[in-house]
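Shown next, in structure tokens, is the structure this report addresses.
The values are calculated or read from the model by the stated rules, or taken from the named source; none is laboratory data. What you see is a predicted model, and the numbers here were worked out from it, not measured in a lab. Here the Cβ is made from the backbone with ideal geometry for all residues, glycine too, and neighbour counts use every protein chain on show. The accessibility values were calculated without ligands, DNA or RNA, using every heavy atom of the protein model including side chains. Shrake-Rupley method; radii C 1.70, N 1.55, O 1.52, S 1.80 Å.
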Amino acid sequence: MDYILTTSGLTKTYGKHNAADQISINVRQGDIYGLIGRNGAGKTTLLKMISGLAAPSSGDFTLFGFKGKEKAQVMHRIGTLIEAPGIYPDLSAAENLRLKCIAMGVRDKTVIPKILETVGLADTGKKRAGKFSLGMKQRLGIALALIGEPDLVILDEPINGLDPQGIVEIRETIEKLNKEQGITFIISSHILEELSKIATNYAIIHNGALVQELTREELLQKCSERIELKTDDTAKACTVLEKMGIHEYKVVDNDTIQIFERLQDGGDITMKLAENGVKTLGISVRNEALEDYYLNLTGGNSNA
Ligand code: ATP
């Protein structure tokens, strides 16, 4: 598998507290990798370690095939927006980017208008960044992260506090960069619903630990609307379903089948099963919303 980042038991301890606890995640080239967790779950800590802004207490990670001290030579391939973007409020968007170019030794200043265009700030002219809306500041933050042509861009809560329009703009910017320039993204958020509109892969983090790593398909399947059918003979039940022309189903354990089509036909299904000598032990339509799924995994509704 073509991973550009794999972390292995990555841990950061502050005092006696593991802010990140043995986290192992895998990010492939081209992923939009969503890191989801409540406030204080350890997302920023993990992202800081990956970006080289915090040293791990234990564990390591492999970045573009390099690990240990060797990673230093590929760190420049990461662009980051972690916590507040380092924006000079008295300078325009272009001037902010120019300073970043100087800091990073990027001589080709023609990248500045291109990046401003990409993030939708081409028309801001001399307007001082301090006067930007929150969404514009976030987009300028992303623009700053793009200086130096990174292959991997790490964005910590890029949609936090944005209005719906601002969220859409950030999402479109990320999708464009991912599709057109092949940039891999790691994005953190505490709102799964928002991440789900864009991320191709997910890591769910809770209390510093990785709870689950899954693909978009796996997540959608877990949360999709379905009939949950329990019978006394799964094999025979599958034969009956096939005969009924139902093929979109999955056997999940010894007595449970999930059916993803003809959700209104529960009555017909139990009748046909009975006709074929299969006893229905339970049948229900389930539709776990994404947010509920995530809350269940991370233990309830409170955000404490
Ligand atoms: P948020 O979105 O609120 O920042 P998060 O998931 O990014 O949440 P972290 O910022 O990584 O969480 O924090 C994880 C835990 O580590 C928290 O309990 C936090 O208080 C603690 N922590 C983070 N940085 C430090 C630090 N420099 N010193 C001590 N404790 C820290």
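Take the residues in segment 41-59 that are touching a Gly at 6+ places or on another chain (Cβ under 8 Å) and among the polar types (S, T, N, Q), then tell me which one is surrounded by the fewest Cβ atoms within 10 Å (Cβ to Cβ). Break it down into steps so the answer makes sense when it comes.
Step one: list which residues in segment 41-59 are touching a Gly at 6+ places or on another chain (Cβ under 8 Å), which gives 41-43, 45, 58-59.
Adding the requirement that they be among the polar types (S, T, N, Q) leaves 45, 58.
Numbers: Thr45: 25, Ser58: 12.
Per the criteria, the residue is Ser58.
Which ones in segment 1-27 are under 15 Å from the mean Cα position of the chain (by Cα), more than 16 Å from the ligand (Cβ to nearest atom) and open to solvent by less than 30 Å² (accessible area, probe 1.4 Å)?
Scanning segment 1-27 gives Leu5, Val27.
Looking for something touching a helix residue (DSSP H, G or I) at 6+ places or on another chain (Cβ under 8 Å) and within 12 Å of Phe185 (Cβ to Cβ) - is there at least one such residue anywhere in segment 21-32?
Taking every residue of segment 21-32 in turn, at least one turns out to be touching a helix residue (DSSP H, G or I) at 6+ places or on another chain (Cβ under 8 Å) and within 12 Å of Phe185 (Cβ to Cβ).
Hey, Thr45 hits all of (1) in contact (Cβ under 8 Å) with a residue 60 or more places away in the chain; (2) more than 8 Å from the ligand (Cβ to nearest atom) but one; which does it fall short on?
(2)
Hey, any hits in segment 68-86 for a residue that's open to solvent by less than 50 Å² (accessible area, probe 1.4 Å), within 11 Å of the ligand (Cβ to nearest atom) and either in a strand (DSSP E or B) or touching a residue at least 12 places away in the same chain (Cβ under 8 Å) (or both)?
Scanning segment 68-86, I find at least one residue that is open to solvent by less than 50 Å² (accessible area, probe 1.4 Å), within 11 Å of the ligand (Cβ to nearest atom) and either in a strand (DSSP E or B) or touching a residue at least 12 places away in the same chain (Cβ under 8 Å) (or both), so the answer is yes.
Considering only segment 184-223, state which residues are open to solvent by 10 Å² or more (accessible area, probe 1.4 Å), under 19 Å from Gly40 (Cβ atoms) and of a type outside the set (S, T, N, Q).
His190, Ile191, Glu194, His206, Ala209, Leu210, Val211
Pairs only if they're at least six apart or on different chains, beta carbon under 6 angstrom, first in segment 23-39 and assigned by TED's automatic domain parsing to the domain that holds Asp60, second in a strand (DSSP E or B) and acidic (Asp, Glu); list them, first residue then second.
The qualifying pairs are Ile25/Glu213.
Can you name the number of the only condition in (1) surrounded by fewer than 19 Cβ atoms within 10 Å (Cβ to Cβ); (2) assigned to a helix (DSSP H, G or I) that Gly30 fails?
It fails just one condition, (2).
Just one of Asp90, Asp123, Asp108 is more than 16 Å from the ligand (Cβ to nearest atom), in contact (Cβ under 8 Å) with a residue 40 or more places away in the chain, out of contact with any Gly (no Cβ under 6 Å at 6 or more places or on another chain) and open to solvent by 70 Å² or more (accessible area, probe 1.4 Å); which is it?
Details: Asp123 fails: in contact (Cβ under 8 Å) with a residue 40 or more places away in the chain; Asp108 fails: in contact (Cβ under 8 Å) with a residue 40 or more places away in the chain.
Result of the check over Asp90, Asp123, Asp108: Asp90.
Restricted to segment 126-148, and to residues that are open to solvent by 50 Å² or more (accessible area, probe 1.4 Å) and under 21 Å from Phe185 (Cβ atoms), which residue is modelled with the lowest pLDDT?
We begin by selecting, within segment 126-148, every residue open to solvent by 50 Å² or more (accessible area, probe 1.4 Å); these are 126-128, 131, 133-134, 137.
Narrowing further to those that are under 21 Å from Phe185 (Cβ atoms): 134, 137.
Values: Leu134: 86, Lys137: 91.
My answer is Leu134.
Show the residue pairs meeting these rules: Cβ distance below 6 Å; 6+ apart or different chains; first residue within segment 49-64 and in contact (Cβ under 8 Å) with a residue 40 or more places away in the chain and farther than 17 Å from Ser188 by Cβ; second residue open to solvent by 40 Å² or more (accessible area, probe 1.4 Å) and part of a loop (DSSP other than H, G, I, E, B).
That search, which allows pairs on different chains as well, returns Asp60/Lys67.
Working carefully through the options Glu157, Glu169, find the one that is charged (D, E, K, R) and within 16 Å of the ligand (Cβ to nearest atom).
Working: Glu169 fails: within 16 Å of the ligand (Cβ to nearest atom).
From the options Glu157, Glu169, the qualifying one is Glu157.
Tell me, please, whether a residue that is farther than 19 Å from Gly30 by Cα, of a type in the set (Lys, Arg) and more than 27 Å from the chain's Cα centre (by Cα) can be found in segment 104-113.
Our first condition is that a residue be farther than 19 Å from Gly30 by Cα; within segment 104-113, this holds for 104-113.
If we keep only those that are of a type in the set (Lys, Arg) as well, we get 107, 109.
Then drop every residue that is not more than 27 Å from the chain's Cα centre (by Cα), which leaves 107, 109.
Yes.
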